[in-house]
Amino acid sequence: MGVSKKGILVILSSPSGAGKTSIARALVKGNENFLFSVSATTRKSRPGEVNGREYDFLTVDQFRQKIKEGQFLEHAKVFGNLYGTPLQAVRDSISQGKSVVFDVDWQGGKQIRSSSLSKFVISIFILPPSIKELHDRLMNRAQDSSETVKDRMKKSIDEIMHWKEYDYVIVNRDFDKTLREVESIITSEKLRRVRNNELEQFVTTLTNEFKDLNS
């Protein structure tokens, strides 16, 4: 019996610094059956980021035009910048049997779960072990100014309050353990009857074989 021909959409959400991006990158690394959803954004690129790899960097006018044309699966304004997920790329990935990993906030997650592709979605929320640890991670990664870190910490409580909206919730105390747990969730979800498009046909084949054997 073959595996399901359709891919799934894996939503990973968390407050900034809780680990969703690192987990998302680790999931797709060396796994050709997983793709990282490259979002479009109007924010400026950071040192080392490459257009089309971390994000598709757009002007505000370009982004708004894509909204008008219905080109986004979801989009939201976060910390003053616009972020969105290209719809067609996701559709193509699902039809090719690829699973797409999304690194999005709760707003993006809600839109994806409410979209026309909702039946393909599983959602996972990542919690930090403590607020102090969350703050330390943001400071140690040295990607943002101290003022931006303060803004992210203020927003974190709002993010955390949406944890009940997700199918699964994991406390990220240890990265390797959290990654294994996320991988286990995805494996289990792929084995669910409703996600296996060929199962009914296979059972029919078994039934016919049984009839032939007893004929």
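Quick check on Lys110: is it of a type outside the set (A, V, I, L, M, F, W, C), at pLDDT below 90, in contact with a strand residue (DSSP E or B) (Cβ under 9 Å, 6 or more places away or on another chain) and within 20 Å of Ile8 (Cβ to Cβ)? No; evaluated as a whole, the condition is false for this residue.
Residues checked against (1) at pLDDT below 90; (2) not in a helix (DSSP H, G or I); (3) not small (Gly, Ala, Ser):
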site: Pro47; (1), (2), (3): yes, yes, yes
site: Arg53; (1), (2), (3): yes, yes, yes
site: Asp56; (1), (2), (3): no, yes, yes
site: Lys66; (1), (2), (3): no, no, yes
site: Lys77; (1), (2), (3): yes, yes, yes
site: Ala89; (1), (2), (3): yes, no, no
site: Val101; (1), (2), (3): no, yes, yes
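Note on segment 72-103: among residues that are acidic (Asp, Glu) and touching a strand residue (DSSP E or B) at 6+ places or on another chain (Cβ under 6 Å), the one that is nearest to Ser118 (Cα to Cα) is Glu74.
Which of the residues that make up segment 152-161 are crowded, with 16+ Cβ neighbours inside 10 Å and not hydrophobic (A, V, I, L, M, F, W, C)?
Arg152, Ser156, Glu159, listed by residue number.
For segment 105-142, taking the residues that are polar (S, T, N, Q), part of a loop (DSSP other than H, G, I, E, B) and exposed (fewer than 14 other Cβ atoms within 10 Å of the Cβ), the one that is nearest to the chain's Cα centre (by Cα) is identified as Ser114. Restricted to segment 4-41, and to residues that are more than 21 Å from Arg180 (Cβ to Cβ) and aliphatic (A, V, I, L, M), which residue is surrounded by the fewest Cβ atoms within 10 Å (Cβ to Cβ)? Among residues in segment 4-41 that are more than 21 Å from Arg180 (Cβ to Cβ) and aliphatic (A, V, I, L, M), the one surrounded by the fewest Cβ atoms within 10 Å (Cβ to Cβ) is Val38. Residue count for segment 1-22 under the criterion of being of a type outside the set (D, E, K, R), closer than 16 Å to Gly108 by Cβ and either at pLDDT below 90 or not in a strand (DSSP E or B) (or both): the result is 5.
Going through segment 144-197 one residue at a time, which ones are in a helix (DSSP H, G or I), farther than 28 Å from Ser45 by Cα and either among the aliphatic types (A, V, I, L, M) or over 20 Å from the mean Cα position of the chain (by Cα) (or both)? Correct list: Val182, Ile185, Ile186, Arg193, Val194.
The values are calculated or read from the model by the stated rules, or taken from the named source; none is laboratory data. All values reported here derive from a predicted model rather than from experimental measurement. FYI the Cβ positions are ideal-geometry reconstructions off the backbone, even for glycines, and counts take in every protein chain you see.
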